[in-house]
Ligand SMILES: [Ca+2]
Ligand SMILES: [Ca+2]
């Protein structure tokens, strides 16, 4: 995986469900693997699942893009926006060169016979020197240069996702935009920079699925706090210098289907309090139990003067409770 940055080991796909390994490529051609659009797309052998997916790809990378057969057997077109260069390698296979233009770039496969389309957002990170405390005017602060316990998930980042004002609504996955994960600092400053781990977004999509199985029809989860820069994390009073929020691997979430900017009464007892956060945390426990790759920290928090109850989730790789 040449040239890949600390941000992502390879071109990581954000999908709502499990990533399909390369060996499953054969089965992807089966008709039952097709979505409502009639075909499924893979990028570097990861399946894009859902109406829109995303990939993090470093500048200069080449993505292998393939589509399953369509019901009509019609050839597909792959439209690459600025910053990407798609070369057809067959009726349903392309190579996509990622140019040296950090930002969010659009890739759309289209079946002109049916009008079906499958978009993929390609997030190209911008190089970051951790010894600098800012990038293009966006304050970052100081990352710890020595990873915690030598664990590479705590390596200081050498690239950050670049988000321009027009990109805030770009989807990481069917139900989450990059804008939901941005740090709450410098509201007037553009571009902004962030880290978001694909496994975190996949975990949040799986939590949403679990909520819907409980009959709670949430469009998304409210991410009260996603990525935090080290300087912002310190400014809001946190003393931990290895918070998973600093590495794009944590989210403080609540469920808000009635859009009153507060947790819903999930346990149905007529009150909004930590019991609702504990109800949500218990649901996350069931997700972690069935998806070992989502293992991480989990804690329910009560309301205070500044916010309602919420749940911290992260994908640090080992279960931690507090
Ligand atoms: Ca609510
Ligand atoms: Ca309640």
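Observations on the structure shown:
- The modelled label-to-label distance for the pair residue 95/residue 291, using points 7 Å beyond Cα in the direction of Cβ, is 3.4 nm.
- Extension gain for the segment residue 79 to residue 306, taken as residue separation times 0.36 nm less the Cα-Cα distance, is 77.2 nm to one decimal.
- With respect to the chain, whose longest principal axis is taken over its alpha-carbon atoms, helix 274-290 is tilted by about 40°.
- Our summary gives the stretch 126-321 a relative contact order of 17 percent, counting only alpha carbon pairs under 8 angstrom and 6 or more residues apart.
- Each 20 Å bin from zero up to the one holding the largest Cα-Cα distance in the chain carries the following percent of pairs: 32, 57, 11.
- Ranking of 120, 320, 201 by count of other Cβ atoms within 10 Å, fewest first: 320, 120, 201
- Gaussian network model of the chain, Cα within-10 Å springs - most flexible of 213, 99, 262: 213
- Taking the longest Cα principal axis of the chain as reference, the axis of helix 198-213 is set at about 80 degrees.
- Approximating the spin labels as points 7 Å out from Cα along Cα→Cβ, the residue 217-to-residue 242 distance works out to 4.5 nm.
- Extension gain (nm, one decimal) between residue 132 and residue 209, 0.36 nm per residue minus Cα-Cα: 23.7 nm
- The GNM of the chain, with springs linking C-alpha atoms under 10 angstrom apart, assigns the highest mean-square fluctuation among 71, 157, 174 to 71.
- Selected from 73, 278, 118 as most flexible by GNM, with the chain as the system and alpha-carbon contacts under 10 Å: 73
- Sorted by Cβ neighbour density within 10 Å, fewest at the top, the residues 195, 204, 182: 182, 195, 204
Every read-out reported here was derived from the displayed coordinates using simple, explicitly stated rules and does not represent laboratory data. Since the structure is predicted, the reported quantities are computational estimates derived from the model, not experimental observations. Counting neighbours? That spans all protein chains shown, and the Cβs are built from the backbone with ideal geometry, glycine included.
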